[in-house]
Amino acid sequence: MGVRVSSSRLVSAVSKEGALGVIATVGLSEELEDMTPAYVTRAEIGLRQAIRETKSNTPNPLGVNVMCALTNYDSLVQVSAAEGASAIISGAGLPLKLPGLVSDPHVKLLPIVSSARAAGIICRTWQKRFSRRPDAIVVEGPLAGGHLGFSHEEIENLEERGLERIVTEVIAVAREYGNIPVVAAGGVYDGNDIARFLRLGAAGVQMATRFVCTHECDASDAYKQAFINCRKEDIVVIHSPVGMPARVIKNDFVERYLRGEKVNFGCPYHCLITCEPAVAGYCIAQALVASYRGQMDKGYVMCGANAWRCDRIVSVHELIEELVEGTVAALRSEPPGHN
Ligand SMILES: Cc1cc2nc3c(=O)[nH]c(=O)nc-3n(C[C@H](O)[C@H](O)[C@H](O)COP(=O)(O)O)c2cc1C
């Protein structure tokens with residue numbers, strides 16, 4: 001979770017519990033003691049620090065998430081591999097060149113897709129160009145947080161059981177390439193949800209929203225409280241400067257943007273391939289760094305469709321224990337509709 005929402009504190013705690021913590025590599029250039037190096041170098045330094053700190057906390061595997069939409073994609077992928085990330089998870093675009101940037105075959109490569117078509121294109125391209133297949137495929141559905149790989153209309157039409165359908169279709173593609181494990185993401189909230197996707201044939205789930213409401217989450221308390229206090233109707237999908245829809249919690253900043261007000265900004269480093277600073281209503285990097293720091297008047301928080309269900313802050317240990325126990329209990333019981 002970017003920007004800086006899942007960094008070394010949250011990732012260390014998650015990985016210590018035996019799940020795979022994932023460092024968001026976006027926006028790591030902005031909190032360094034020495035801000036003199038150029039943007040790309042600062043981002044590399046920030047990422048190295050986050051990976052090294054996590055590794056000093058736990059020997060367990062850690063992942064990184066690198067968005068294809070970033071102008072410094074190549075450098076973030078290469079630094080992640082060189083620093084010993086166990087897995088690189090990559091979406092917000094098709095990560096067609098990812099295997100070409102990582103020579104170490106031990107680094108697991110996981111593309112994120114929102115359709116079976118995208119999964120097929122990636123598998124075919126990786127096989128043809130690099131004789132490599134994804135180590136797992138993350139399927140992100142329409143209830144996910146952050147940027148969404150769907151049109152606004154698709155999000156409305158697909159909310160009902162959309163992820164189940166796409167997961168089933170992606171599993172069929174994954175079978176053609178030798179049973180690549182498929183990971184379901186987007187709206188997975190509790191053990192019942194996890195069990196449902198495991199029954200469907202998923203190998204695991206990727207979760208974000210619930211982990212914002214943990215003591216260890218790296219974001220400010222104000223960020224976490226926005227989750228705790230939001231109502232269902234406060235969660236909206238807006239068009240982000242990334243060029244994709246994004247799910248966020250409505251606040252004054254979002255309302256001003258929806259009214260068409262612009263926040264003037266100088267773009268010091270063109271961090272997103274797809275952003276056009278001259279027409280963007282605001283700088284998304286500045287907005288997300290602000291909310292990470294707790295300056296809610298200058299930004300907003302991203303969230304999954306289930307954020308309104310979060311009602312307390314817990315420890316990562318408590319959350320994972322609850323999820324594991326809930327999953328085991330659901331798997332032991334009869335599946336819904338089973339006679
Ligand atoms: C606050 C927040 C930030 C996110 N940032 C990123 C990101 O930087 N890159 C990315 O690929 N996905 C990002 N996501 C999407 C998550 O990785 C995840 O797949 C999705 O939110 C899962 O759905 P859930 O939030 O319902 O669990 C973000 C999600 C949230 C809630």
Legend entry - Residue check for V102: β-branched (V, I, T) and within 13 Å of the ligand (Cβ to nearest atom): no
Legend entry - Hits in segment 166-181 (condition: outside any helix (DSSP H, G or I) and either β-branched (V, I, T) or surrounded by 21 or more Cβ atoms within 10 Å (Cβ to Cβ) (or both)): I180
Legend entry - Residues of segment 122-142 satisfying the condition of being crowded, with 22+ Cβ neighbours inside 10 Å and of a type in the set (G, A, S): G141
Inset, instruction - Just name the residue that is surrounded by the fewest Cβ atoms within 10 Å (Cβ to Cβ) out of those in segment 206-235 that are assigned to a strand (DSSP E or B) and touching a helix residue (DSSP H, G or I) at 6+ places or on another chain (Cβ under 7 Å). - result: I235
Legend entry - Cβ pairs under 7 Å, 6+ apart, first in segment 1-25 and at positive phi, second among the aromatic types (F, W, Y): R4/Y292
Legend entry - The listed residue being outside any helix (DSSP H, G or I), out of contact with any strand residue (DSSP E or B) (no Cβ under 9 Å at 6 or more places or on another chain) and of a type outside the set (G, A, S), out of R312, R247: R312
Inset, instruction - Could you tell me whether segment 83-98 includes any residue that is within 16 Å of the ligand (Cβ to nearest atom), among the β-branched types (V, I, T) and assigned by TED's automatic domain parsing to the domain that holds I180? - result: yes
Inset, instruction - Those residues that are among the aliphatic types (A, V, I, L, M), touching a residue at least 40 places away in the same chain (Cβ under 8 Å) and out of contact with any Phe, Trp or Tyr (no Cβ under 7 Å at 6 or more places or on another chain), I need them from segment 184-201; list them, please. - result: A185, I194, A195, L198
Legend entry - Those residues of segment 90-117 which are more than 14 Å from Y73 (Cα to Cα), assigned to a loop (DSSP other than H, G, I, E, B) and within 17 Å of the chain's Cα centre (by Cα), in sequence order: S114, S115
Inset, instruction - Among the residues of segment 12-39, write down those that are over 22 Å from L288 (Cα atoms) and in a loop (DSSP other than H, G, I, E, B). - result: E17, G18, A19, L20
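The values are calculated or read from the model by the stated rules, or taken from the named source; none is laboratory data. These numbers were taken from a predicted model, which means no experiment stands behind them. Cβ: placed from backbone, ideal geometry, glycine included. Neighbour counts: every protein chain shown.
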